[in-house]
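Worksheet: the structure to be examined is printed underneath.
The values are calculated or read from the model by the stated rules, or taken from the named source; none is laboratory data. Keep in mind that what you see is a predicted model, and the values were worked out from it rather than measured. In this analysis, Cβ positions are derived from the backbone assuming ideal geometry, glycine residues included, and neighbour counts consider all displayed protein chains. Side chains included, ligands, DNA and RNA excluded: accessible areas come from the protein's heavy atoms. Shrake-Rupley method; radii C 1.70, N 1.55, O 1.52, S 1.80 Å.
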Amino acid sequence: MKPFFLYALLALIGTLFISSCSKEKEFGKSAYGKWELKTVVSFYPAQFKQYATGNGNYLELTQTGTLNRYENGQLVLSTPYSIQNKKLTCTLNGKGSYWALVYDNTEEEIAVQADTLTLSTPRCWADGGVTTYVKVR
């Protein structure tokens, strides 16, 4: 009887792992592409900056896991990235999870809605900001 329960437990763990990876891949698909910088809001010091269309500042997330950052049309950073589902670690903002863009020892909360990508300081961190991008392709 014990081998049956062990097998059932391993099957459940495997299913949860595959389901988790599948969710990350699905979320990642919505983030793939080239995004043009639209706004930057920082909380400390308080600052708001809006960028005109065609400003040359882009974030590109490739399907092969490379993040490319462009300033004034010039590539300034090319590095591996991953999108991970993270659990909230603080009590101030309730329970749950969020999607994180992780690269070069940096973690930013990522959200995609229609043609807008938003990067922000994870909810449990202080004195951060929010950056929005509009889809180019």
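Heavy-atom accessible surface of the range 29-135, averaged per residue, reaches 59 Å², computed with a 1.4 Å probe. Only protein heavy atoms count here; under a 1.4 Å probe, LYS34 has an accessible surface of about 40 Å². Dipole of the range 29-135 computed with +1 at Lys/Arg Cβ and -1 at Asp/Glu Cβ about the Cα centre; of ALA52, THR39, GLY96, farthest Cα towards the positive end is GLY96. Rolling a 1.4 Å probe over the protein heavy atoms leaves LEU75 with an accessible area of roughly 100 Å².
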